[in-house]
1. Size of the range 120-252 along its principal axes in angstrom, Cα-based, largest extent first?
2. Output ³J(HN,Hα) for the range 388-393: one whole-Hz value per residue in order, computed from phi by the Karplus curve 6.51 cos²θ - 1.76 cosθ + 1.60 with θ = phi - 60°, and x for Gly and Pro.
3. I need the phi-derived Karplus couplings for the range 212-226: 6.51 cos²θ - 1.76 cosθ + 1.60, θ = phi - 60°, integer Hz, Gly and Pro marked x.
4. So what is the orientation-averaged projected area of the chain, using the convex hull of its C-alpha atoms, in nm²?
5. Quick one: order CYS225, CYS239, CYS116, CYS346 by neighbouring beta-carbon count within 10 Å, fewest to most.
6. Over the chain, with a Gaussian network built from C-alpha contacts below 10 Å, which listed residue (ALA408, ALA392, ALA103) shows the highest mean-square fluctuation?
7. Among the DSSP beta bridges whose two residues both lie in the chain, what percent are antiparallel, rounded to the nearest 5?
8. Please give me, ordered by residue number, the trypsin sites (Lys or Arg not before Pro) of the range 351-391 that lie in loop per DSSP and have at most 15 other Cβ atoms within 10 Å.
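What follows draws every value from the coordinates through simple rules; no lab data is involved. Only a predicted model underlies this, so the values are computations on that prediction, with no experimental measurement involved. Here the Cβ is made from the backbone with ideal geometry for all residues, glycine too, and neighbour counts use every protein chain on show.
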Amino acid sequence: MVLKMLESGESHPAGCACDEVAGGSMLAVDEAIQRAWNLAEPVKETELVGLQHVHGRVLARTVHASAAMPFFDNSAMDGFAVRLADFSADGSTVLPIDGETAAGGSGAADLEPGTCRRIFTGAAVPGGTDAVVPLEQVRAHSGSVEFHSIPAKGSNIRRAGGDIPRNAVLVSSGTRLNVRHAGLLAANGYSAVNVVRRPRVGVFSTGDELLEPGSLRQPGKLFDCNRPMLLMALEAAGCETVDLGSIEDSADATRRFLIEQSDRFDLLVSSGSVSVGARDFLKSAFLSAGGTIDNWRVAVKPGKPVMTGRIGRTVFLGLPGNPYAAWIGMHLVGRPITGRLSGGKCPQRTTLKAVAGNLIAHKRGREEYVPVRAEFSGSQIVLHRIGNGGSASLYAACQGDGIAIIAADGGDVDAGAAIDFLPFEEGAFQ
């Protein structure tokens, strides 16, 4: 749904002028996500990386099994390898032990008729073996074993090729790798794989009011919290980041900075100066530097002014200056861009079903992201709003368990009404 809007990026209580219809249109969140995805192009360069370093990297080429797995018949248990022909009809049988086979051995000689062999988990079963009887199901003596039942043919034997056939796809290209993939690849003999080069991302802030965290406080100044937050988010998304610092509130300085940085990166990310206030120079400077704007208004609260475009070959993402709004914009619009650049799949917004524990006021027009605390009532998740909805602070988000999402066309959410929930522990907003 396309909605009209004012061009202010501030977060205000429901009923304020910022939610009125005026001058231009906003993209619905889903459309903004898809357009951000379409704006980027996958990085083409690849590199060979050892398995211990591939967590979060995107696989560039599909990997196939070079051989069937398991490579050989092996025992699934500690026990005794036996031939079924040696068992009496009622299963009561005593067989002499002809030796033992441990993991790492070749299986040695075939199992002779009328004998059994001690075998350990993972060891190659000797030729002629029909089954492995677990240690706890027999009575072992000094040189023989007493069996009490006839085992099923093939029991406790992992047959060669029974898990993975030769040439089977182990991991498909475009997969974002994690520890289970590394384990599977290592088990099949791979020590390194080809992954997409990390997208190179430059991050900068705008604003004369900004101080570096760790410096002395000064009157009228604020510490720049957006840049460290965005750098961390981009690193977590598998990007190679460069901290470009902050630039002054000047149209000319912003234009010169953008010209200098264009084509150095796959993605440039800024925070602040993206609205239309008297000191918001980013849009005009971006255009005068040769950039093209794809969109700069999203029907989301907080974070309405989120600018996307291109300057040279570089994708550009301009986020609001208010920290909570910048965080939401990075999650909603930044993740599709970084996912596309790294050759991965477009991220899906997967929510849990919950109910509101108290009234959550909402004015129709923008999809709203509300920090909440969650509690369980039986099998039901009950959400309680935290904070007053301002976009200038991350405090409420850091006290909460996740984010409640209120649809753009919905009104107030009454206590007990259904509501969508993105929990932090599921990784949605980590």
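1. Extents along the principal axes, in whole Å: 88, 35, 20.
2. After applying 6.51 cos²θ - 1.76 cosθ + 1.60, I find 10, x, x, 9, 8, 9 Hz.
3. 6, x, x, 7, 6, 5, 9, x, x, 10, 10, 6, 6, 8, 5
4. 28.8 nm²
5. Going from sparsest to densest Cβ surroundings: CYS346, CYS225, CYS239, CYS116.
6. The residue that fluctuates most here is ALA103.
7. 70 percent
8. In loop regions of the range 351-391 (DSSP not H, G, I, E or B), the sparsely surrounded trypsin sites (Lys or Arg not before Pro) are ARG364.
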